[in-house]
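The values are calculated or read from the model by the stated rules, or taken from the named source; none is laboratory data. Note that this is a predicted model, so its numbers are computed, not measured. In this analysis, Cβ positions are derived from the backbone assuming ideal geometry, glycine residues included, and neighbour counts consider all displayed protein chains.
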Amino acid sequence: MNKEMEYKKILKDEVEVFRENGRRFLNGELTKAEFKGMSGGMGVYAQQDQKSFMIRLRTPSGVASLEHLKLILSYAKKYELDKVHLTTRQAIQLHNLGIEEVCDIMKDAIDHDLFTRGGGGNYPRNVSLSPMSGVEQGEAFDVTPYALDVSRYFLGNATSYHLPRKLKVAFSSSAQDTANASVNDVGFIAVIDNGKPMFRMYLAGGMGGGPAVAIPYPELICPEDTLYCVEAMVQLFEAEGDYKNKAKARTRFIPRRMGVEEFLECYRKHLAHVKAFYKFDGIVPEVEEETATDHVRTATRIPQKQKGLYSLILHPQCGQLLTEDLEKIVWFMDKTPKSDARVSMEEDLYVRNLTLEQIDELWALVGEHMMETPLKMTLSCVGVPSCQMGILQSQKLCREIISAVEEAQLADAGLPQIHISGCPNSCSRHQVAEIGFAGRKAKVEGVMEDAFTLQVGGATAKEGAHMGEIKGVILAREIPKFIVETGQLLKESGRAFKEEMRGEAFEKLVQKYVVA
């Protein structure tokens, strides 16, 4: 038995142990907390009804091969699921499954090199990647090989990690930072320095409680050294992370305790140790010359750097891709050999390397169920009733906002994409959105009400990444009206939201709706 087969056997044996624990949980022998501690590392969570389950299939860095899309489609059809969920960490989730079904899927997927291990819990998560990497106009170079290399490395070590909490790594191919490298535990943004491909590295960033923009590493990183840099952060986290206080068990709290300079010095020591005792095969970057002639993009159609080719963004509402549409996409890609697909961090599926004629053909197949403006492409975590940690129905708010804006005929008024999280955990990255909402409860006149904290003006980028400003708390039922009035304000002023949000009129509108 070769090394790969041995490892897959270990993963399958884990599944059988997990299956038995799942049965014990359903029989009341394990508490919700005990089961969650076991299930997260397997990429599985019990839903709020404590009877059904979600499984997170880790399409590596969102690179969704045709073979894996066919496999996921087969699971959706076999278990009569009417939709699959495109996540905000570039994975694909299946919901409303029984424990036996979840375990059968896990074992079968292992045979097809599609894994769930480390999809949750205290493990490195799916390595995020710019969805246009390799075809993006203006990118420094294609960072896809590096993201996949780190993904393989994490997977190969998944059974041996002992981290305080999760660790997130990101690779962006340009200064736009579409993989959010500037707010991850370890982030890499491709740059060209004096004609040489390099990485700008970022450390100890993250969102959720006590968020922090990552610290730019003072020196540029040779692309061949990325695995050394990642392993150094893993070892620093294991050595210096907080194993006692879960609320502070993320890398971003380490430099707060040490101080930035001491943290960087500590990281350098770990990096030197890794380079002395590890041997990784580095990947030499390839810089492809741009041949594009079209630079006009829309919300859903993006010209690539390759002449005559385009990417089409398919954004199902709330990231819920109908199984019937997935089947049509698979059929289309199967007969379009040069096409490929990437799941983005905005709950989109990018279908790439298409001609304009092929874009029209694919849109005719599935466009009826896809969103076409930034506001309608609003993203939302899965929220209640699926997520155990959820407080409010984030997807319900997403649908209500879109419906209200459509009814007011303001979908094209310049409203930005909104990021909605059902709790403060920032699964939708509301903290770095132009408009972000985080679910909570608020007491109004002695009555507890569903509400969301409003955060405005956040951004990720190679330079100037920052968290949005917290404006206050708005009742959930009032938010669609608030967004409609924001759209009316933009329509009347003719200004972009980034400009309007700094003005007096928008501030007055916010204060009209804020209750706390």
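Tabulated data for the structure shown
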{"item": "Set 275, 244, 279, 305: member being in a helix (DSSP H, G or I) and surrounded by fewer than 20 Cβ atoms within 10 Å (Cβ to Cβ)", "result": "275"}
{"item": "Flag if residue 373 is out of contact with any strand residue (DSSP E or B) (no Cβ under 7 Å at 6 or more places or on another chain) and in contact (Cβ under 8 Å) with a residue 40 or more places away in the chain", "result": "yes"}
{"item": "Conditions (1) within 24 Å of residue 410 (Cβ to Cβ); (2) under 20 Å from the mean Cα position of the chain (by Cα); (3) in contact (Cβ under 8 Å) with a residue 60 or more places away in the chain: number failed by residue 458", "result": "(3)"}
{"item": "Filtered residues of the stretch 284-302 (kept if under 25 Å from the mean Cα position of the chain (by Cα) and part of a loop (DSSP other than H, G, I, E, B))", "result": "285, 297, 298, 299, 300"}
{"item": "In the stretch 359-387, the residues that are of a type in the set (S, T, N, Q) and either touching a Ser or Thr at 6+ places or on another chain (Cβ under 6 Å) or surrounded by fewer than 17 Cβ atoms within 10 Å (Cβ to Cβ) (or both)", "result": "380"}
{"item": "Conditions (1) surrounded by 17 or more Cβ atoms within 10 Å (Cβ to Cβ); (2) touching a Cys at 6+ places or on another chain (Cβ under 9 Å); (3) farther than 28 Å from residue 232 by Cα; number of the one not met by residue 104", "result": "(2)"}
{"item": "Residues of the stretch 215-255 classified as farther than 25 Å from residue 145 by Cα, touching a residue at least 24 places away in the same chain (Cβ under 8 Å) and among the charged types (D, E, K, R), total", "result": "7"}
{"item": "Lone unmet requirement of (1) farther than 28 Å from residue 115 by Cβ; (2) at pLDDT below 95 for residue 191", "result": "(2)"}
{"item": "The stretch 447-485, residues that are closer than 30 Å to residue 170 by Cβ, in a helix (DSSP H, G or I) and in contact with a Phe, Trp or Tyr (Cβ under 7 Å, 6 or more places away or on another chain)", "result": "479"}
{"item": "Residue, surrounded by the fewest Cβ atoms within 10 Å (Cβ to Cβ), within the stretch 109-130, restricted to residues that are assigned to a loop (DSSP other than H, G, I, E, B) and β-branched (Val, Ile, Thr)", "result": "116"}
{"item": "Residue 222 in contact with a helix residue (DSSP H, G or I) (Cβ under 8 Å, 6 or more places away or on another chain) and modelled with pLDDT of 95 or more", "result": "no"}
{"item": "Residue match in the stretch 312-320 (condition: over 25 Å from the mean Cα position of the chain (by Cα) and on the phi > 0 side of the Ramachandran plot)", "result": "no"}
{"item": "Hey, residue 428 without any contact (Cβ under 8 Å) to a residue 60 or more places away in the chain, surrounded by 20 or more Cβ atoms within 10 Å (Cβ to Cβ) and within 15 Å of the chain's Cα centre (by Cα) or not", "result": "no"}
{"item": "From 63, 15, 44, residue being more than 28 Å from residue 315 (Cα to Cα) and buried (at least 16 other Cβ atoms within 10 Å of the Cβ)", "result": "15"}
{"item": "Residue list for the stretch 355-381, filter: touching a helix residue (DSSP H, G or I) at 6+ places or on another chain (Cβ under 6 Å) and either outside any loop (DSSP other than H, G, I, E, B) or farther than 29 Å from residue 303 by Cα (or both)", "result": "362, 365, 366, 369, 380"}
{"item": "Matching entry among 286, 290, 368 (being in contact with a Lys or Arg (Cβ under 7 Å, 6 or more places away or on another chain) and either acidic (Asp, Glu) or assigned by TED's automatic domain parsing to the domain that holds residue 88 (or both))", "result": "290"}
{"item": "Yes/no for residue 74 being modelled with pLDDT of 95 or more, over 24 Å from residue 172 (Cα atoms) and either part of a strand (DSSP E or B) or not acidic (Asp, Glu) (or both)", "result": "yes"}
{"item": "All strands (runs of 3 or more DSSP E) inside the stretch 131-229 with 1 or more residues being farther than 25 Å from residue 430 by Cβ", "result": "186-193, 196-203"}
{"item": "Residue ID - nearest to residue 168 (Cα to Cα), chosen from residues in the stretch 10-50 that are touching a residue at least 40 places away in the same chain (Cβ under 8 Å) and in a loop (DSSP other than H, G, I, E, B)", "result": "43"}
{"item": "Residue tally, condition surrounded by 12 or more Cβ atoms within 10 Å (Cβ to Cβ) and either without any contact (Cβ under 8 Å) to a residue 60 or more places away in the chain or of a type in the set (Gly, Ala, Ser) (or both), over the stretch 282-296", "result": "3"}
{"item": "Filter pass, residue 200 being surrounded by 22 or more Cβ atoms within 10 Å (Cβ to Cβ), within 21 Å of the chain's Cα centre (by Cα), modelled with pLDDT of 95 or more and on the phi < 0 side of the Ramachandran plot", "result": "yes"}
{"item": "Inter-residue pairs, beta-carbon under 8 Å, first part of a loop (DSSP other than H, G, I, E, B) and in the stretch 93-108, second at pLDDT 95 or above, 6+ apart", "result": "98/52; 98/53"}
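Quick grid of which residues meet (1) touching a helix residue (DSSP H, G or I) at 6+ places or on another chain (Cβ under 7 Å); (2) within 21 Å of residue 511 (Cα to Cα):
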position	(1), (2)
383	yes, no
395	yes, no
401	yes, yes
411	yes, no
434	yes, yes
438	yes, yes
466	no, no
